[in-house]
């Protein structure tokens, strides 16, 4: 049976969620993936790709604080997908972000370790280690999970419930949160919404085109939002959107959304909690 549309807090037209991914790769392993260039060939004599390694380090060295300063300027609290290793390598920066009211979303132990390569027991260990690292660093247990590469396994929903988490961010089949029923329990799905992701600017899209794409989507959601309240999830990364001039685009996005009334600026966990209440009524 069709349900009534969501009624966001304050009867907002749009629930607006900003994510800043703060990811870490295991320093004891060969470099995974590529950044400015393609990954090193398998037969390379050296396994550390310093081009990729140093590109990613821009986030903790410069980018995260720069982006959070803009969030402070506009009074916006964001969700930050973080790896367990992020807490090991950059605990003070995680504490800094958490202390400003930003939400840490569990994002796997190592950004280079994909769950689809793990057995069920290995995945359980990955999840529990990640949740423990975030809890130990911030003093607050995370409530949400986003898999590295946004790729779950058949086991992920059950295992994150087992770990005490309440929502999951990996699926693409909706644009609004919805319940997943797992072994008699309810897990809230917070859909990924890949459309506004700064990764696209690494693959030929200009920052101006990225902003226009954001604006087109925001404007349409805002237009329909009075009759059909909707949600928008903007996804950024600490080592991409923080660079000049992309940081200007990041600020433009936040400022544009802030210039509209009837917008609920929320974290993923806020939306998931609201959805859980909605579906339990």
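Structure data summary
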read-out: Pair residue 125, residue 276: separation of 7 Å Cα→Cβ label points (nm); value: 2.9
read-out: Gaussian network model of the chain, Cα within-10 Å springs - most flexible of 244, 20, 70; value: 244
read-out: Point-to-point label distance, residue 154-residue 50, nm (Cα→Cβ direction, 7 Å offset); value: 4.5
read-out: Residue order, fewest to most beta carbons within 10 Å, for 279, 178; value: 279, 178
read-out: Distance between modelled label sites at residue 162 and residue 180, nm, 7 Å Cα→Cβ extension; value: 1.4
read-out: Cα centroid of region 70-86 to Cα centroid of region 123-191, whole Å; value: 18
read-out: Residues residue 227 and residue 135, FRET efficiency given R0 of 41 Å [Cβ-Cβ distance, rounded to 0.05]; value: 0.50
read-out: Sequence of 236, 230, 86, 54 once ranked by neighbouring C-beta atoms within 10 Å, starting from the fewest; value: 54, 230, 236, 86
read-out: Structure-based [θ]222 nm, the chain - -39500 (n - 2.57) summed over DSSP H runs of at least 4, per residue, nearest 500; value: -11500 deg cm²/dmol
read-out: Theoretical gain in end-to-end length, residue 57 to residue 217 [0.36 nm per residue, Cα-Cα removed]; value: 54.5 nm
read-out: Footprinting exposure proxy for 198, 26 (fewest neighbouring C-beta atoms within 10 Å first); value: 26, 198
read-out: Translational diffusion coefficient (Stokes-Einstein; Kirkwood radius from C-alpha pairs) of region 161-263 at 20 °C, 1.002 mPa s, in µm²/s; value: 139
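Rule-based calculations on the coordinates, nothing more; no lab input. Since this is a predicted model, take the numbers as computed values, not measurements. Counting neighbours? That spans all protein chains shown, and the Cβs are built from the backbone with ideal geometry, glycine included.
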